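First comes the structure, then the notes that go with it.
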Amino acid sequence: MSLHSVAAIARINLRLLGRDPFPFVIIFAMPIVIMPFVTPLFRAALIQEGKPDATGSEYAVPGMAVLFAMFAVSHLGWHTFQEHVWGTWPRLRLSSAGAGAVMFGKALPIWALVVVQQLAVFFLGTLAFGLSIRGSIWALLPIAMVFASFLVTAAAALVAVCRTPQQLDVFAQTGVLLFAGLGNALAPTSLLPGWVQLASPLVPTTWATQAYRGIVLEGDGMLEVLPEAGVILAMTIAVGVFAVMRFRAEDEKAFMQ
């Protein structure tokens with residue numbers, strides 16, 4: 001895989017994202033819009049857990065950062081399907097770049113935007129909702145990076161499996177709700193049914209929110225979040241292996257009529 005080819009494709013896709021930035025404006029802005037509605041719930045749960053000085057933002061900000069980052073999955077899928085609609089995918093995969101470089105180049109800008117989105121939600125949370133981060137702010141970065149890696153890898157797996165973008169949308173949006181619910185992004189763990197608490201370690205959102213909340217509430221630093229980062233990375237590798245095994249560059253993709 002040529003790094004030059006990957007960089008060239010990444011630049012092209014970054015320009016395409018710039019032509020229609022609205023979806024990414026939404027995933028940056030909507031967490032701030034939703035947080036006032038969920039913060040009181042999280043505050044009540046934190047007080048019940050013995051944290052009387054909590055504002056609720058300690059749970060709301062990580063939850064919303066993780067929730068809205070997941071919407072990038074369908075965006076990457078649509079960008080890939082567009083190549084089939086435009087008739088450019090056969091030329092791209094048969095070029096010197098190859099299908100692997102094309103997918104990697106498409107994923108790279110979205111990966112970077114998802115990392116920035118998560119960090120930006122924390123920054124805006126400190127400004128708008130009085131979030132106080134007790135731990136190392138640098139510890140937020142590896143979690144943002146590995147979680148973004150999982151999301152773009154999951155998007156590649158969905159592209160490999162789905163024949164139409166409509167199918168991809170159904171899987172992606174269902175996955176967002178399922179992973180958010182199981183991953184404690186929508187409600188504190190203590191308020192969830194027992195079966196959800198048992199299933200929650202199976203999804204990466206649980207480990208991301210757990211790491212973020214450890215940094216915010218418990219003062220965790222880089223070393224303390226490495227186990228959570230390692231679990232998310234292991235899940236990313238597993239999904240990546242599936243995506244590579246399932247992906248066929250010659251598969252035809254189409255919009256449903």
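The values are calculated or read from the model by the stated rules, or taken from the named source; none is laboratory data. Quick caveat: nothing in here was measured; it's all calculated off a predicted structure. Positions of Cβ are generated from backbone atoms using ideal geometry, with glycine treated the same way; all protein chains shown enter the neighbour counts.
In the set (1) under 22 Å from residue 54 (Cα atoms); (2) modelled with pLDDT of 90 or more; (3) in contact with a Ser or Thr (Cβ under 8 Å, 6 or more places away or on another chain), residue 135 fails one condition alone, (3). Taken over the stretch 178-197, the criterion of being of a type in the set (A, V, I, L, M) and over 19 Å from residue 45 (Cβ atoms) is satisfied by 178 alone. The set of residues in the stretch 216-229 that are out of contact with any Phe, Trp or Tyr (no Cβ under 9 Å at 6 or more places or on another chain) and of a type outside the set (D, E, K, R) comprises 219, 223, 226. Residue 116 fails exactly one of the following numbered conditions: (1) among the β-branched types (Val, Ile, Thr); (2) surrounded by fewer than 21 Cβ atoms within 10 Å (Cβ to Cβ); (3) in contact (Cβ under 8 Å) with a residue 12 or more places away in the chain. What is the number of that condition? With (1) among the β-branched types (Val, Ile, Thr); (2) surrounded by fewer than 21 Cβ atoms within 10 Å (Cβ to Cβ); (3) in contact (Cβ under 8 Å) with a residue 12 or more places away in the chain applied to residue 116, the lone miss is (3). Within the stretch 157-176, does at least one residue satisfy the condition of being closer than 20 Å to residue 59 by Cα and in a helix (DSSP H, G or I)? Checked against the condition, which is being closer than 20 Å to residue 59 by Cα and in a helix (DSSP H, G or I), the stretch 157-176 yields at least one hit.
If you go through the stretch 6-48 and keep only what is among the charged types (D, E, K, R), over 16 Å from residue 75 (Cα atoms) and at pLDDT below 80, you end up with just 11. Of the residues making up the stretch 67-115, those that are in contact with a Phe, Trp or Tyr (Cβ under 7 Å, 6 or more places away or on another chain) and at pLDDT 65 or above are 69, 70, 113. Residues in the stretch 198-212: is at least one farther than 26 Å from residue 123 by Cβ, surrounded by 15 or more Cβ atoms within 10 Å (Cβ to Cβ) and out of contact with any Asp or Glu (no Cβ under 8 Å at 6 or more places or on another chain)? Yes, the conditions are met somewhere in the stretch 198-212.
The set of residues in the stretch 127-150 that are under 11 Å from the mean Cα position of the chain (by Cα) and surrounded by 22 or more Cβ atoms within 10 Å (Cβ to Cβ) comprises 143, 144, 146, 147, 148, 149, 150. Where helices (runs of 4 or more DSSP H) fall entirely within the stretch 181-253, those with at least 1 residues that are within 19 Å of the chain's Cα centre (by Cα) are at 204-218, 222-246. In the set (1) free of Cβ contacts under 8 Å to residues at least 60 places away in the same chain; (2) in contact with a His (Cβ under 9 Å, 6 or more places away or on another chain), the condition left unmet by residue 155 is number (1).
Within the stretch 129-139, one or more residues are part of a loop (DSSP other than H, G, I, E, B), closer than 14 Å to residue 212 by Cα and of a type in the set (A, V, I, L, M, F, W, C).
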